[in-house]
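Trainee: Pasting a structure below so you can have a look.
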Amino acid sequence: MLMKRRSVVVEAIGLLKGRWKILQDLNVGLNHVPQTIVACCVLHNLCQIAREPKPELWKDPDESGAPPRVLDNEKSFYYFGESLRQALADDLHQRLSSR
């Protein structure tokens, strides 16, 4: 069920990245990332209302790799999420500390 929902999210992000090239390599200041994403979403919605043609779906280069593994149970899912969150937090801390 999660994989079905994930594919909807991936397609939505692909549409946004296809329409707004700035999102393909989001190279703005950390403080401007949320505003940039929201602005692109609002503009995308306005394009939808104006019936602009849909953009070509953007595919991230790493999406052609192996599919995400399916976890056996909720406990392993929790620990996988914990380790992923910790890795992301460590990476962010390292990036901010090196400035």
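Trainee: Taking into account only those residues within the stretch 1-32 that are among the aliphatic types (A, V, I, L, M), surrounded by 12 or more Cβ atoms within 10 Å (Cβ to Cβ) and assigned to a helix (DSSP H, G or I), which is farthest from the chain's Cα centre (by Cα)?
Mentor: ILE22
Trainee: Would you check if ARG51 is on the phi > 0 side of the Ramachandran plot and either modelled with pLDDT of 85 or more or not aromatic (Phe, Trp, Tyr) (or both)? Lay out the reasoning, then the answer.
Mentor: Numbers: on the phi > 0 side of the Ramachandran plot: yes; either modelled with pLDDT of 85 or more or not aromatic (Phe, Trp, Tyr) (or both): yes.
When the stated conditions are applied, ARG51 passes them.
Trainee: On to the next question. Name the residue, out of LEU30, LEU96, LEU16, LEU84, that is touching a helix residue (DSSP H, G or I) at 6+ places or on another chain (Cβ under 6 Å) and at pLDDT 80 or above. Give the derivation first.
Mentor: On the way: LEU30 fails: touching a helix residue (DSSP H, G or I) at 6+ places or on another chain (Cβ under 6 Å); LEU96 fails: touching a helix residue (DSSP H, G or I) at 6+ places or on another chain (Cβ under 6 Å); LEU84 fails: touching a helix residue (DSSP H, G or I) at 6+ places or on another chain (Cβ under 6 Å).
It is LEU16.
The values are calculated or read from the model by the stated rules, or taken from the named source; none is laboratory data. Keep in mind that what you see is a predicted model, and the values were worked out from it rather than measured. For neighbour counting, all protein chains shown are included, and Cβ atoms are generated from backbone atoms with ideal geometry for every residue, glycine included.
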